[in-house]
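The values are calculated or read from the model by the stated rules, or taken from the named source; none is laboratory data. Quick caveat, the model's predicted, so the values are computed rather than measured. Cβ placement follows ideal geometry from the backbone for every residue including glycine, while neighbour counts extend to all protein chains displayed.
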Amino acid sequence: MALPTYETLLYDVQDGIATVTLHRPEKMNAFTTQMRDDLVAVFDETDRNDDVRVVIITGAGRAFCAGADLSAGGKTFDYDSRGESARDKYKVNGIYRDGGGIATLRIFKSLKPVIGAINGAAVGIGMTMQLPMDIRMASTTARFGFVFARRGITPEAASTWFLGRLVGMQTALEWCFTGRVFDAQEAKDRGLVRSLHAPDELLPAARALAREIADNTAPVSVALTRQMLWHMAGQDHPMKAHQVDSRAIQARGQSADAREGVSSFLEKRTPVYPNKVSTDMPDFFPWWDEPEFK
């Protein structure tokens with residue numbers, strides 16, 4: 001079956017690993033309304049495709065994503081002045097939903113683990129779209145920046161929820177207050193990225209990590225675990241986690257995957273998990289209420 005194609009992305013699936021490449025290299029992969037829509041569509045595809053076990057996101061050329069496309073000049077962030085009808089479907093009570101946030105919230109909902117392979121410059125939305133990714137690995141040549149205050153705007157893409165959880169409030173505030181661009185070593189030292197790699201070793205390292213997940217774990221269990229960890233990050237008491245854990249353990253403990261996981265361990269062989277994310281998520285999933293934008 002042919003894979004779908006996208007205007008601003010390249011999409012490839014091999015041996016359980018989907019690679020999504022931001023592909024506007026002549027514009028340093030600057031973010032547009034079309035890229036927003038393509039990112040939402042590609043994560044819809046990876047969720048429903050059981051051949052996909054892990055998603056890697058990277059950029060084409062020398063940048064990961066150089067932020068929003070600023071070709072509209074001073075009107076870039078003034079959606080009413082730009083008169084973009086394509087944004088109207090995301091307008092509620094006179095307020096346009098932030099395009100970066102639409103993309104990051106879709107990544108947040110992913111049923112497959114997401115690895116960011118940050119190959120170059122990543123500022124603005126190029127930085128904030130990484131935050132809902134589960135693991136970020138970076139080239140030693142990558143540079144990062146929450147440059148919003150230097151453009152007269154504020155952080156977006158739900159980054160004020162993600163950033164402090166990932167790096168702590170003091171670092172989050174410093175990076176956003178100053179808007180300065182910083183190097184890959186600082187990103188690693190402060191916990192934003194997991195590891196640094198020579199440019200030509202970045203994608204092989206990301207694929208090796210993806211391979212570890214794809215070859216050894218039950219897809220339904222990973223999908224549940226991803227959402228359990230992210231959703232519990234905002235809870236105020238461990239009892240909330242205990243309630244979800246109990247339902248998940250009961251459901252998974254009765255599954256064919258659990259029987260296969262134990263049998264393959266005892267028999268010292270590679271597991272072959274039969275349950276599929278597209279059809280076999282437990283009845284209680286999703287257990288949270290998705291808030292509507294108001």
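Any residue at all in segment 137-145 that is without any contact (Cβ under 8 Å) to a residue 40 or more places away in the chain, in the same structural domain as VAL54 (by TED's automatic domain parsing) and within 23 Å of ALA233 (Cα to Cα)? Within segment 137-145, not a single residue is without any contact (Cβ under 8 Å) to a residue 40 or more places away in the chain, in the same structural domain as VAL54 (by TED's automatic domain parsing) and within 23 Å of ALA233 (Cα to Cα).
Check ALA158, ALA208, ALA198, ALA214 and return the single one that is surrounded by 14 or more Cβ atoms within 10 Å (Cβ to Cβ), at negative phi and small (Gly, Ala, Ser). Answer to the check: ALA214. Pairs linking a residue in segment 151-162 that is among the polar types (S, T, N, Q) to a residue that is in a loop (DSSP other than H, G, I, E, B) and surrounded by 20 or more Cβ atoms within 10 Å (Cβ to Cβ), with Cβ atoms under 8 Å and 6 or more positions apart or on different chains, are SER159/LEU131; SER159/PHE146. Of the strands (runs of 3 or more DSSP E) lying entirely inside segment 1-74, the ones with 1 or more residues being surrounded by fewer than 22 Cβ atoms within 10 Å (Cβ to Cβ) and within 14 Å of the chain's Cα centre (by Cα) are found at 17-22.
Screening segment 164-272 for helices (runs of 4 or more DSSP H) wholly inside it with 2 or more residues that are within 20 Å of ILE57 (Cβ to Cβ) and charged (D, E, K, R) returns the ranges 202-216.
Screening THR171 on (1) crowded, with 16+ Cβ neighbours inside 10 Å; (2) touching a residue at least 24 places away in the same chain (Cβ under 8 Å); (3) touching a Lys or Arg at 6+ places or on another chain (Cβ under 7 Å) shows it passes everything except condition (2).
Only one of the numbered conditions (1) over 29 Å from ILE213 (Cα atoms); (2) of a type in the set (Phe, Trp, Tyr); (3) surrounded by fewer than 22 Cβ atoms within 10 Å (Cβ to Cβ) is not met by PHE146, and that is (3).
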